[in-house]
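Novice: Submitted below is the structure of interest, expressed as structure tokens.
The values are calculated or read from the model by the stated rules, or taken from the named source; none is laboratory data. This is a predicted model, so every value here is computed, not measured. Don't worry about glycine lacking a Cβ; one is built from the backbone with ideal geometry, like all the others, and counts go over all protein chains shown. In case anyone asks, the SASA skips ligands and DNA or RNA and just uses the protein heavy atoms, side chains included. Shrake-Rupley method; radii C 1.70, N 1.55, O 1.52, S 1.80 Å.
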Amino acid sequence: MDPQYCAVAVTHGDITQKGYEKKRAKLLAPYIPQTQSVDPSVQSIQLSPAGPSADPAPSPEAGGPSAAARHHRSHRSGGARDDRYRSDIHTEAVQAALAKHKEEKMALPMPTKRRSAFVQSPVDNCTPPDTSSASEDEGSLRRQAAVSAALVQSLQSPDYWINRSLQGSSTSSSASSTLSHGEPKTQGQTQTQNQSQNQGPPALSTLADVLAHTRLAENSSVPPDVTTSTQQDRGSRVDMAPMVRGMSRGQSRSSMMDTADGVPVHSRVSTKIQQLLNTLKRPKRPPLSEFFLDDTEEIVEVPRPDPSTPRPEGRQIIPVKGEPLGVVSNWPPALQAALARWGATQAKSPALTTLDHTGKPIYTLTYGKLWSRSLKLAYTLLNKLGTKNDPVLKPGDRVALVYPNNDPGMFWVAFYGCLLAEVIPVPIEVPLTRKDAGSQQIGFLLGSCGVGLALTSEVCLKGLPKTPNGEILQFKGWPRLKWVVTDTKYLTKPSKDWQPHIPTANTDTAYIEYKASKEGTVMGVAVSKISMLTHCQALTQACNYCEGETLVNVLDFKKDMGLWHGVLTSVMNRIHTISVPYAVMKACPLSWVQRVHIHKARVALVKCRDLHWAMMAHRDQRDTNLASLRMLIVADGANPWSVSSCDAFLNVFQSHGLRPEVICPCASSPEAMTVAIRRPGVRGAPLPARAILSMTGLSHGVIRVNTEDKNSALTVQDVGHVMPGALMCIVKPDGPPMLCKTDEIGEVVLNSRAGGTMYYGLPGVTKNTFEVIPVNSSGAPIGEIPFTRTGLLGFVGPGSLVFVVGKIEGLLAVSSRRHNADDLVATALAVEPVKTVYRGRIAVFSVTVFYDERIVIVAEQRPDASEEDSFQWMSRVLQAIDSIHQVGLYCLALVPANTLPKTPLGGIHVSETKQHFLEGSLHPCNILMCPHTCVTNMPKPRQKQPVGVGPASIMVGNLVAGKRIAQAAGRELGLIEDQDLVRKHQFLSEALQWRAQTDPDHVLYILLNAKGVAVCTATCLQLHKRAEKVAAALMERGGINTGDNVVLLYPPGIDLIASFYGCLYAGCVPVTVRPPHPQNLAATLPTVRMIIDVSKAACILTTQLLMKTLRSKEAAASVNIKTWPTIIDTDDLPRKRPPQIYKPPTAEMLAYLDFSVSTTGMLTGVKISHAAVSALCRSIKLQCELYSSRQVAICLDPYCGLGFVLWCLSSVYSGHQSILIPPMELESSLALWLSTLGQYKIRDTFCSYSVMELCTKGLGTQTEILKARGVNLSCVRSCVVVAEERPRLALSQSFSKLFKDLGLSPRAVSTAFGSRVNLAICLQGTAGPDPSTVYVDMKSLRHDRVRLVERGAPQSLPLMESGTILPGVRVIIVNPETRGPLGDSHLGEIWVTSSHNASGYYTIYGEESLQADHFNTHLSFGETQTLWARTGYLGFVRRTELLDASGDRHDALFVVGSLDETLELRGLRYHPIDIETSVSRAHRSIAESAVFTWTNLLVVVSELAGSEQEALDLVPLVTNVVLEEHHLIVGVVVVVDPGVIPINSRGEKQRMHLRDSFLADQLDPIYVAYNM
């Protein structure tokens, strides 16, 4: 548990609102407990060791804010610029909402992050994960405890919002998810456990633990399974310091660390998981309705409609008319005509003044100059590009205008030049790099408009990115463009006889303005000549523009209000425009105010951010005067959060002559252009009223004046009246355009001659937007006239005033309620302190996961924000949004500063951000996912049927349903041709002696090294002789008695085989053990030691080298080397023969012990009798048709299971030659196995999945090279993968496909299946039909049903048959609970009976009862007399259409997975491998993954193959994919380095080992995310 966490627990208290102290005190008074000794304005107390940058922590008594807070306040203007969302009323609402949570305390687990993972945060702010508190003196601990005790009481915590888990999730944890499983712990583990119970590990026990636990203990509806040593009462303030003092560290840990299973687990990880569990205990807000979940149909929980939902009650709205558009005698017939007129009559009159980056005017363009230059450009475009007969441009062609924001002059000339030449300008942003956010979409726009030519300035052209040979880069997705420079020196003066054609405005397109949709596609809105002119007239009338006025424009002049007012209407009215570029605003935010003052401007055109910036910087300017302004047009006045900017600006500048009635908010959209604008008021007239609306009402699309809860209110200002000459309606935003009622929020639609006409080149989309005919409640159209959708959401208030509450593209529709992205941004930014994130750099969007929209917030984190600050800010944002909007956040991510994709003017490119999020390329540095809180539509957990059904009903049920009992058998193991061999030698030791006599020189074994050279061979006689030497040594030196166990510790090879037979000759029981890895003794030696101890071995046979290792200093570090049994090295044994060769009295006696670690981490040794050995060898011989003339290649580990049988036993029995390839040799020579198959022309080979994977990954790209080397696999007819798991279909298929080029037959690859109770149940031999593949429905499988579906069906899982059942083997599928046989459409446990079943477990600590249970079991009904062994694997049997050797229909056995490994979640049965397959697909950098459960939480561990900055990208993607495909919520996502997930020799994941390491905090994860 790291101190970082502690700091989070302590710092939830900062609820200050800088400034506005009185208001705050009033608002918060009801919520602040009186006993509190800490001022809520204490910034934050960091418990991390104070580095140079850490704030000095104030003492709890200090009343004022910390120094840091004062410092922060004075620099406010610098850091918090883009404050369009600023609303002080709202900020206080958020603080009040947060204050409500104050008394409820709950520790929230903070994610663990590896120190190195993100260089971004300065070192001083990070605390190393395990800061050892042992080095600190007790006093310092006590001081910290006292501070924390004082604080903990007064600070709020996120308990309330997070604790709403599903009510039914307390399904029983499956066997594999409890630790009380009796698996023997390795000594190392046991020691640490004891040590930590006695003394407590110094490095882990920090104050943070104690703190976290005491917080857990406080009445947070603690579930009964948490045992804690402190119980506190909510009201009283308990000083915790004495408690900490009086308890020794060891006690505090062991008494508090009992987790849910009653198993002490000593780690900070389990503490956090316990916290997480506690935070998930409470039921969620939406009640889950009752309903039955059908087996076959997966149903999403649909929340019942809430009767208290507000519904619209008003009458149907009547369309609203704007005042008629007056006709003024001197209005020009076309816009170009106006320019021509002013150019001729008012040539000296100023048209445009531009500023440099410091805010000083550079040049003024007069109307004369504007006219003459535009004329030159028009002439040049039409006559000087190309030849006379083949001009490049014709009237009506589209041309891109690429001009930077600081060069309006060039743009004006280009725009009017195009109008005069009658070509259509398409203004776009200057592309900066090849990878600009959204540049591909701009390419789509240029393509859809058919643009082939771009106009730009010389300076701009120089700045464009170039290829090495100086050409302009081809931007991603752009058509090929010709670039034309329009600087005056390159233009030609028109000839005397040339005059531009200026027709009266008509419906031809004048220009195209781009707009980006919610999805990020960019479309061009075409504006006709008549629309352009009419719009200018309407604006002139509405704004009362007069000839010769001065206008200051701060907006982008290429589109929208900046273009309409600042370029078009201004020219129509001969206005002097002063253009203030964005860059100037950054350097000098007051520049526009100064321009108004200097030029006595009458009109200013701004956005909220400009008001905010000017207000922040106004202290620097005492003498500005704004009395000249008659209109301050606020272009984004339709944004609900503009109210506060307008008010605050007025507040500051009223003393500088600003009149309240000049502020004119307006609403516009690219399609309808200006929708409404507030007309400048008369002095002294009352200001329009505001609407204070209920957020809850808004989320249901209904207008309700907010009365009850002032925290969740939205204050909106009107945007004035509809434009002159326009008609407006409000229609439902989705579905047919039905008219809304008067108290309903809908989309504003507009009919006007002054709007856009279409999306250029996109007729389909155009129809739905520009040609909407509203219908009434009965669905009948209300008239003929088409309306245009504006994309604005709003309503018409009293006096026909228009109110806008949001935009369609910012709508997030979450379970039938609608939330506005801007509102959520505002709430997030009202959470103080905002020292964690940049104000303007925040994106809100929704992603569809599991049948609903989920809200995601992404913000840029400041580089100096510490982990604790960020996590605290994030958790409070969650609370605030839940409180105010009543909606849960799915994911909140913080990314490093400046990494979010930007729009050209520096805002956040939301659709691109969403794309990055979904692709996993956002690279967050902090993330908080809350699927438990916000996913409310999960199906109900399944209630299992009681197990009390009698046999009769099941039997009848099966017969009635016409199902067969699911069972299958191999062919009879009759007497075969070498029956005298069988009769004479029922023991393998005798078979070897017989072969040594009858065929002494027949080579049984060839061992290959990495170069493919046969380093060692053994004939029958040589093997017999070596076995005799070993037996003699055992009898002499070992002092061995008959029946003693002897451990064989050898690398894979022939020594192992000889020693095995030596043990049989001496009458001992051999136990083969994998030797420890010399480079990794600490991990591998304890297992060796454990098997030696468990098997009570009397002696160890090994090589000289390994003997040295066992006695080495390194070995002593991990085990006690003084207590090894006798060690005999068999390298140089004297030539001696044993006095006699032992012959067992009966075949039931033990031949050997087979020890193996199961995937669940259980070490089990099974007893194999001589009879079982002979029966198994006969069965394999029969299935694979093995004779002494055959050669078989084996690339397997020879230590347990079928691998050992094939390596050591099979050849001696059947006489075939085995070519032995140790799998570890492949690591240095990948092609060894495949080239051996070709070289020796092998027909049958056996390998493991790890070998197959090595070849697939390592050689997949090298098939051509192998072919050239002459590797040919056409001889292979069977390649059997030896495994104890579900067949890995994808791996087998890719192996077959990759090596098809080398002649490998697609039918060759198959699989075997064995288990602990029977080492070989299935093995694809030569005789049976090819293994079949079926597709089963995963949803049914979770209910233990098998439903076959077509290939490619959704939620289908391909399964491959596990090989033909061996001769003499019978299997049946059984219900593991009732122990009754099942029909063949059920998934159940595979039970097996055969003459080669193992005889029982050798030993399992304290679990003797398991023995009878697993090995000698009867069915509860049906065929009750047969003795069965339980394999512990789930599977099913299917009768196929194929015929087997005897001509009957073939019954295929399909293995689905180990019963111990299955996860029982929500009452359903999941197989880890299915979840892991989904997870591995989620992101390209996930190398491998493993899942397990811990106290009903699903934990996903993913290995990260990419760079560490991708670690946090995995968290949301993993959560999404598991939710989508498996309907499960991931509890914890752990990101680790490649190779951390332990894999056993068979290539199977050791999930339980992984779980133990995780809980004991031994994984060193890159990141651990706790999903809320």
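Novice: Within region 1365-1386, track down each residue that is open to solvent by 10 Å² or more (accessible area, probe 1.4 Å) and in contact with a helix residue (DSSP H, G or I) (Cβ under 7 Å, 6 or more places away or on another chain).
Specialist: Selection gives Gly1368 alone.
Novice: Further, regarding this structure: Does region 1096-1109 contain any residue that is part of a helix (DSSP H, G or I), within 24 Å of Ser989 (Cβ to Cβ) and open to solvent by less than 30 Å² (accessible area, probe 1.4 Å)? Write out each step before concluding.
Specialist: As a first pass, look at region 1096-1109 and keep what is part of a helix (DSSP H, G or I): 1104-1109.
If we keep only those that are within 24 Å of Ser989 (Cβ to Cβ) as well, we get none.
Checked region 1096-1109: no residue is part of a helix (DSSP H, G or I), within 24 Å of Ser989 (Cβ to Cβ) and open to solvent by less than 30 Å² (accessible area, probe 1.4 Å).
Novice: Being out of contact with any Leu (no Cβ under 9 Å at 6 or more places or on another chain), within 19 Å of Leu352 (Cβ to Cβ) and hydrophobic (A, V, I, L, M, F, W, C) is the filter here, so list the residues in region 593-616 that pass it.
Specialist: Answer for region 593-616, where residues must be out of contact with any Leu (no Cβ under 9 Å at 6 or more places or on another chain), within 19 Å of Leu352 (Cβ to Cβ) and hydrophobic (A, V, I, L, M, F, W, C): just Ile598.
Novice: All but one of (1) open to solvent by 10 Å² or more (accessible area, probe 1.4 Å); (2) assigned to a helix (DSSP H, G or I); (3) closer than 21 Å to Leu1517 by Cα; (4) in contact (Cβ under 8 Å) with a residue 40 or more places away in the chain hold for Ser883; state the number of the condition that does not hold.
Specialist: (3)
Novice: OK, next. Quick one: which of Leu393, Leu365, Leu382 is touching a residue at least 24 places away in the same chain (Cβ under 8 Å), of a type outside the set (Phe, Trp, Tyr), part of a helix (DSSP H, G or I) and open to solvent by less than 70 Å² (accessible area, probe 1.4 Å)?
Specialist: Values: Leu393 fails: part of a helix (DSSP H, G or I); Leu365 fails: part of a helix (DSSP H, G or I).
None of the other options fit; the residue is Leu382.
Novice: So which of Trp483, Trp478 ends up being within 13 Å of Val402 (Cβ to Cβ) and outside any loop (DSSP other than H, G, I, E, B)?
Specialist: On the way: Trp478 fails: outside any loop (DSSP other than H, G, I, E, B).
Of Trp483, Trp478, the one residue that is within 13 Å of Val402 (Cβ to Cβ) and outside any loop (DSSP other than H, G, I, E, B) is Trp483.
Novice: Which of the residues spanning region 1021-1059 are buried (at least 24 other Cβ atoms within 10 Å of the Cβ), in contact with a Pro (Cβ under 7 Å, 6 or more places away or on another chain) and closer than 20 Å to Gln997 by Cβ?
Specialist: Ala1031
Novice: Wholly within region 1001-1072, which strands (runs of 3 or more DSSP E) include no fewer than the required count, namely at least 3 residues that are closer than 19 Å to Leu1206 by Cβ and free of Cβ contacts under 8 Å to residues at least 60 places away in the same chain? Break it down stepwise before answering.
Specialist: Working: elements: 1003-1008, 1014-1019, 1045-1049.
Per the criteria, 1014-1019.
Novice: A further question follows. Of all residues in region 603-623, which are more than 23 Å from Arg841 (Cβ to Cβ) and either assigned to a helix (DSSP H, G or I) or open to solvent by 10 Å² or more (accessible area, probe 1.4 Å) (or both)? Before the answer, list the steps.
Specialist: Filtering region 603-623 down to residues more than 23 Å from Arg841 (Cβ to Cβ) leaves 603-605, 618-623.
Those that are more than 23 Å from Arg841 (Cβ to Cβ) and either assigned to a helix (DSSP H, G or I) or open to solvent by 10 Å² or more (accessible area, probe 1.4 Å) (or both): His618, Arg619, Asp620, Gln621, Arg622, Asp623.
Novice: Okay, next question. Would you call Ser668 at pLDDT 90 or above, among the polar types (S, T, N, Q) and surrounded by 20 or more Cβ atoms within 10 Å (Cβ to Cβ)? Don't jump to the end; show me each part of the working.
Specialist: Numbers: at pLDDT 90 or above: yes; among the polar types (S, T, N, Q): yes; surrounded by 20 or more Cβ atoms within 10 Å (Cβ to Cβ): yes.
So Ser668 fits the description; yes.
Novice: Could you list all residues from region 1312-1330 that are open to solvent by less than 30 Å² (accessible area, probe 1.4 Å) and more than 26 Å from Leu1153 (Cβ to Cβ)? Walk me through it before giving the result.
Specialist: Quick first cut of region 1312-1330, residues open to solvent by less than 30 Å² (accessible area, probe 1.4 Å) only: 1312-1325, 1328-1329.
Those that are open to solvent by less than 30 Å² (accessible area, probe 1.4 Å) and more than 26 Å from Leu1153 (Cβ to Cβ): Gln1324, Gly1325, Gly1328, Pro1329.
Novice: I would also like to ask the following. Taking interchain pairs and intrachain pairs at least six residues apart, which have beta carbon atoms under 7 angstrom, with the first residue in region 300-312 and over 19 Å from Lys741 (Cα atoms) and at pLDDT below 75 and the second surrounded by 12 or more Cβ atoms within 10 Å (Cβ to Cβ) and of a type in the set (D, E, K, R)?
Specialist: Within 7 Å, the pairs are Glu301/Lys940.
Novice: Just need a number here: residues in region 1281-1311 that are surrounded by 23 or more Cβ atoms within 10 Å (Cβ to Cβ), in contact (Cβ under 8 Å) with a residue 60 or more places away in the chain and more than 17 Å from Phe1454 (Cβ to Cβ).
Specialist: Residues that pass the stated criteria total 2.
Novice: If you don't mind, there's one more thing I want to ask. Quick one: in region 744-786, which of the residues that are acidic (Asp, Glu) and open to solvent by less than 40 Å² (accessible area, probe 1.4 Å) is farthest from the chain's Cα centre (by Cα)?
Specialist: Step one: of region 744-786, the residues acidic (Asp, Glu) are 744, 747, 771, 784.
After this cut, where a residue has to be open to solvent by less than 40 Å² (accessible area, probe 1.4 Å) as well, the list is 744, 747.
Values: Glu744: 37, Glu747: 34 Å.
Here the residue is Glu744.
Novice: Checking Val844 against (1) closer than 23 Å to Leu1517 by Cα; (2) of a type in the set (Val, Ile, Thr); (3) surrounded by fewer than 21 Cβ atoms within 10 Å (Cβ to Cβ): exactly one of these is not met. Which one?
Specialist: The number of the failed condition is (3).
Novice: From Leu1007, Leu981, Leu973, Leu992, grab the single residue that is modelled with pLDDT of 90 or more, out of contact with any strand residue (DSSP E or B) (no Cβ under 6 Å at 6 or more places or on another chain) and open to solvent by less than 70 Å² (accessible area, probe 1.4 Å). I'd like the intermediate steps shown before the answer.
Specialist: Values: Leu1007 fails: out of contact with any strand residue (DSSP E or B) (no Cβ under 6 Å at 6 or more places or on another chain); Leu981 fails: modelled with pLDDT of 90 or more; Leu973 fails: modelled with pLDDT of 90 or more.
Of the residues listed, the single one that is modelled with pLDDT of 90 or more, out of contact with any strand residue (DSSP E or B) (no Cβ under 6 Å at 6 or more places or on another chain) and open to solvent by less than 70 Å² (accessible area, probe 1.4 Å) is Leu992.
Novice: Quick check on Val748: is it touching a strand residue (DSSP E or B) at 6+ places or on another chain (Cβ under 9 Å), in a strand (DSSP E or B), in contact (Cβ under 8 Å) with a residue 60 or more places away in the chain and among the aliphatic types (A, V, I, L, M)? Give the steps one after another, and end with the answer.
Specialist: Values: touching a strand residue (DSSP E or B) at 6+ places or on another chain (Cβ under 9 Å): yes; in a strand (DSSP E or B): yes; in contact (Cβ under 8 Å) with a residue 60 or more places away in the chain: yes; among the aliphatic types (A, V, I, L, M): yes.
Yes: the conditions hold for Val748.
Novice: I would also like to ask the following. Just a yes or no: is a residue in region 787-810 open to solvent by 50 Å² or more (accessible area, probe 1.4 Å), within 30 Å of Val399 (Cα to Cα) and out of contact with any Lys or Arg (no Cβ under 6 Å at 6 or more places or on another chain)?
Specialist: There is no residue in region 787-810 that is open to solvent by 50 Å² or more (accessible area, probe 1.4 Å), within 30 Å of Val399 (Cα to Cα) and out of contact with any Lys or Arg (no Cβ under 6 Å at 6 or more places or on another chain).
Novice: So which residues in region 1157-1172 are assigned to a helix (DSSP H, G or I) and either open to solvent by 10 Å² or more (accessible area, probe 1.4 Å) or in contact with a Cys (Cβ under 8 Å, 6 or more places away or on another chain) (or both)?
Specialist: His1170, Ala1171
Novice: Which one of these does Leu568 not meet: (1) of a type in the set (A, V, I, L, M); (2) in contact with a strand residue (DSSP E or B) (Cβ under 7 Å, 6 or more places away or on another chain); (3) not in a strand (DSSP E or B)?
Specialist: (2)
Novice: Do you know which residues across region 1342-1364 are of a type in the set (A, V, I, L, M, F, W, C) and surrounded by fewer than 19 Cβ atoms within 10 Å (Cβ to Cβ)?
Specialist: First, pick out the residues of region 1342-1364 that are of a type in the set (A, V, I, L, M, F, W, C): 1346, 1348-1349, 1353, 1357, 1359-1360.
Hits for region 1342-1364 are Leu1348, Val1349, Ala1353.
Novice: So, in region 850-864, of the ones that are under 16 Å from Asn1520 (Cα atoms) and in a loop (DSSP other than H, G, I, E, B), which residue ends up least open to solvent (accessible area, probe 1.4 Å)? Spell out how you get there, then give the answer.
Specialist: Applying the first criterion (under 16 Å from Asn1520 (Cα atoms)) to region 850-864 yields 850-857.
Within this subset, residues satisfying the condition of being in a loop (DSSP other than H, G, I, E, B) are 850-852.
Working: Phe850: 1, Tyr851: 148, Asp852: 24 Å².
Result: Phe850.
Novice: Determine which single condition Asp1197 fails, assuming it passes every other condition in (1) at pLDDT 95 or above; (2) closer than 20 Å to Ser1315 by Cα; (3) not small (Gly, Ala, Ser).
Specialist: (1) is the only condition that Asp1197 fails.
Novice: Could I ask something else about it? Here is a list: Leu1133, Leu1182. Which entry is farther than 29 Å from Ala1429 by Cβ, open to solvent by 10 Å² or more (accessible area, probe 1.4 Å) and either assigned to a loop (DSSP other than H, G, I, E, B) or not small (Gly, Ala, Ser) (or both)? Quick ask: steps written out before the conclusion?
Specialist: Values: Leu1182 fails: farther than 29 Å from Ala1429 by Cβ.
Matching residue, one of Leu1133, Leu1182: Leu1133.
Quick grid of which residues meet (1) assigned to a loop (DSSP other than H, G, I, E, B); (2) buried (at least 22 other Cβ atoms within 10 Å of the Cβ):
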residue: Glu1114; (1), (2): no, no
residue: Lys1122; (1), (2): no, no
residue: Lys1143; (1), (2): yes, no
residue: Cys1177; (1), (2): no, yes
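Novice: Also, I was wondering about something else. So in region 1403-1445, with the set limited to residues that are among the aliphatic types (A, V, I, L, M) and part of a helix (DSSP H, G or I), which one is modelled with the highest pLDDT? First the steps, then the outcome.
Specialist: As a first pass, look at region 1403-1445 and keep what is among the aliphatic types (A, V, I, L, M): 1404, 1410, 1412, 1419, 1427, 1429, 1434, 1437, 1442-1443, 1445.
Narrowing the set further to residues that are part of a helix (DSSP H, G or I) leaves 1410, 1412.
On the way: Leu1410: 57, Ala1412: 63.
It comes out as Ala1412.
Novice: Are there any pairs, at least 6 apart or on different chains, whose C-beta atoms fall under 7 Å, with the first in region 889-918 and free of Cβ contacts under 8 Å to residues at least 40 places away in the same chain and the second surrounded by 22 or more Cβ atoms within 10 Å (Cβ to Cβ) and of a type in the set (Val, Ile, Thr), and if so, which?
Specialist: Pairs found: Leu892/Ile857; Leu892/Val877; Val895/Val858.
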